């Protein structure tokens, strides 16, 4: 079958050039006579891969030298525990802004190891917006403030970053890392599962200020202590080598595209095309409030379940797949991560307009 | 370059048919129009992959119904913590047989959460043997007994399993899972990183008796609780999907080879070829004591560093690579996991004999 335009919320599309390179090198990586899957993580060939992956990521994200980059396993869900276990260094207290079920899960896990203060939440309107903060709502004695920069399920995104003063800002960036320019120095810690904008599931990237390393709670399992991995440059144990390799290919692709700024420009255009359709439609209703709209996940509903099912089915026939919305929101969701080509979004926009004209 | 015979201790060779299949399906898995890397872990295509992987593993290992199979992340090193956190249910005490640096690490991590009793150790002779046990040396109040069935670094293997009565036997099988027939019902829990006999690094397989699930210590992070993953059939969060897919391909390959019994027969022949060379040599000295010899890792030394270097270099020229011994033992190590073809071992055996005749 021809390649489809896959609007999955994650794992999701990878750049075709990345897949073709991986395919080409599958049995023989650059003359080594072996696959990257078969390579010792202590070999010179793999050392070069992981070092280059880090350098590329530092380059395209502009990561300052006083930040450490870690290639870990376990997904964002493991970070939900690692963050409090490592960052509850003084008052065992964290401030959370709750913007969806993932930030709720992160807060619930942190609460097991200390105090959690909910600074703001948008649960009152099914997480359809990012709460506005007034004054300085953060606790003075918080060890960190946690946000989820993009909310895959609800199609929202922080339009700006909260001012947290001296308190480290911790961000779950799983669904929008590398999709727009962020000033890394504004954060204490950024974490992201790879499976949306980076590579295959099984790799978790953590970027954290060096000052946050080395004061984990006593009970912290060795593998959940950032220091364990920081001291060994992510080679304390065998890392998810093939995921790191694929991530490196994606970072190279981002650089070739002109870097994150160029990617952001294209992402704004892509999202703009779909929001234009929604804003000029009598059939589709966007579920996220306008200033909080995500660049990655465009969520919308149709008037009836029947129309939704029909729309999904007809889209599928045109190679526009995995558009079903999450059950918490219903309707449809188009996830348009970095690797979704402009053509895919154009085709979807055209399809949606045609479907509306045929069903009004 | 032609494919080499890669004697790496891990990550290590995969069956070429597995790599070719992965290569072939890289851009389009069975007509879905997408790579397995791009597929939602909730999709029907991936559900089928993970279900088939489990069924195949249950089939080839003969896993009883009262055991749960989990596909996790974090490597054996994460299990070093998960095991005590989940199994210290009664007396917070475990018995360990120490047969190398990995079992030492496992014991050290367990000691952070309870009492560890060292039943036996072979550290006195640099772990060159598996200790013999007399009588019943195990603690009556131990929550589990821990062994490492095969010791990659030292080239040793448990020739039989200890009798632990009612106390669950826990085995790190990272370096010899699926290489020989084990009666799973003898164990309480088996764990293994995938990167030797199964697939790419980043997947950890845990097979455990259902009775051991559900009584984790209070402090246990959600992601380190077996119950979390058991309740959701390893889909609590996004699993390392591509590793699971590759594992499935390897399990299929094992079945096609005639199952684990046929693989064991071939492994015994392969190891026999190399031990024959060592036993008839005046140049090479095996480092593991005879009854404890590994079927997976054949470790041996040469009289001088210079000869070792020369041997490694000349082997490399013939496409026999990654034969350097671990620094704790020195010399050379041939890791001959399931995927190492008989031809690779034959070629190495012939090379070693020729090298000896040329250098005596």
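Where a number appears in this text, it was derived from the coordinates with a stated rule and is not lab data. Quantities reported herein were computed from a predicted structural model and do not represent experimental measurements. Cβ placement follows ideal geometry from the backbone for every residue including glycine, while neighbour counts extend to all protein chains displayed.
Compute the distance from the alpha-carbon center of the range A:217-243 to that of the range B:1-45, in whole Å.
Value for the Cα centre distance between the two parts: 26 Å.
How much of the DSSP bridge set in the range B:16-256 is antiparallel, in percent, rounded to the nearest 5?
Of all bridge pairs located within the range B:16-256, approximately 45 percent are antiparallel.
Label the range A:110-233 by shape, choosing from rounded, prolate and oblate, from the square roots a ≥ b ≥ c of the eigenvalues of the Cα gyration tensor; if a/c is under 1.5 it is rounded, and otherwise prolate applies when a/b is larger than b/c, oblate when it is not.
oblate
Is the shape of chain B best called rounded, prolate or oblate, per the rule: a/c under 1.5 gives rounded, else a/b larger than b/c gives prolate, else oblate, with a ≥ b ≥ c the square roots of the Cα gyration tensor eigenvalues?
Oblate shape, in that a/c is at least 1.5 and b/c is the bigger or equal ratio.
For chain B, what does the helix formula give at 222 nm: sum of -39500 (n - 2.57) over DSSP H segments with n ≥ 4, over the residue count, nearest 500 deg cm²/dmol?
-11000 deg cm²/dmol
Would you mind ranking A:174, B:139 by Cβ crowding within 10 Å, fewest neighbours first?
In order of increasing Cβ crowding within 10 Å: B:139, A:174.
Output, in nm with one decimal and in ascending order, the distances from the residue A:354 label point to the matching label points of the other copies (7 Å from Cα along Cα-to-Cβ).
Ordered by distance, the counterparts are at 6.5 nm.
For residue B:313, place a label point 7 Å out from Cα along the Cα→Cβ vector, do the same in each other copy, and report the separations in nm, one decimal, smallest first.
Nearest to farthest, the other copies are at 7.2 nm.
Which whole number gives the average, over all residues in B:238-249, of C-beta atoms from other chains lying within 10 Å of the residue C-beta?
Average per residue, whole number: 5.
Need one number: % antiparallel among DSSP beta bridges in the protein assembly as shown, to the nearest 5.
Of the beta bridges lying entirely in the protein assembly as shown, close to 55 percent run antiparallel.
Place a point 7 Å from Cα of residue A:215 in the direction of its Cβ. Which residues in the range A:83-102 have their backbone N less than 16 Å from it?
Under cut-off, by backbone N: A:83-95.
Run the quick spin-label model on residue A:121 and residue A:91: label points 7 Å from Cα toward the beta carbon, then report their separation in nm to one decimal.
Calculated label separation equals 2.1 nm.
Using the Cα gyration tensor of the protein assembly as shown, with a ≥ b ≥ c the square roots of its eigenvalues, what is the shape: rounded (a/c below 1.5), prolate (a/b larger than b/c) or oblate (neither)?
It comes out prolate by the Cα gyration axes.
Roughly how crowded by other chains is peptide B:192-198, in terms of the mean Cβ count from those chains within 10 Å of each of its Cβ atoms?
Neighbouring Cβ atoms belonging to other protein chains average 2 per residue here.
Nm distances between the label at residue B:126 and the same-position labels in the remaining copies, 7 Å along Cα→Cβ, shortest first?
Reported distances to equivalent positions: 6.8 nm.
Based on DSSP, what percent of beta bridges with both residues in the range B:123-255 are antiparallel, to the nearest 5?
Of the beta bridges lying entirely in the range B:123-255, close to 50 percent run antiparallel.
Calculate, for residue B:30 and residue B:306, the FRET efficiency according to 1/(1 + (r/R0)^6) with r their C-beta to C-beta distance and R0 60 Å; round to the nearest 0.05.
E(calc), rounded to 0.05, equals 0.65.
Over chain B, calculate the relative contact order: mean separation of alpha carbon pairs under 8 Å at least 6 apart, over the residue count, as a percent.
Relative contact order here is 23 percent.
Under a crude label model (7 Å from the Cα following the beta-carbon direction), how far is residue B:133 from residue A:350 in nanometres?
Placing both labels 7 Å beyond Cα along the Cβ direction yields 7.0 nm.
From a point 7 Å beyond the Cα of residue A:314 in the direction of its Cβ, which residues of the range A:332-360 have a backbone N at a distance under 17 Å?
A:332-333, A:347-360, by backbone N distance to the label point.
At R0 = 22 Å, how high is the FRET efficiency between residue A:59 and residue A:23 if r is their beta carbon distance? Nearest 0.05 is fine.
My answer for the efficiency is 0.30.
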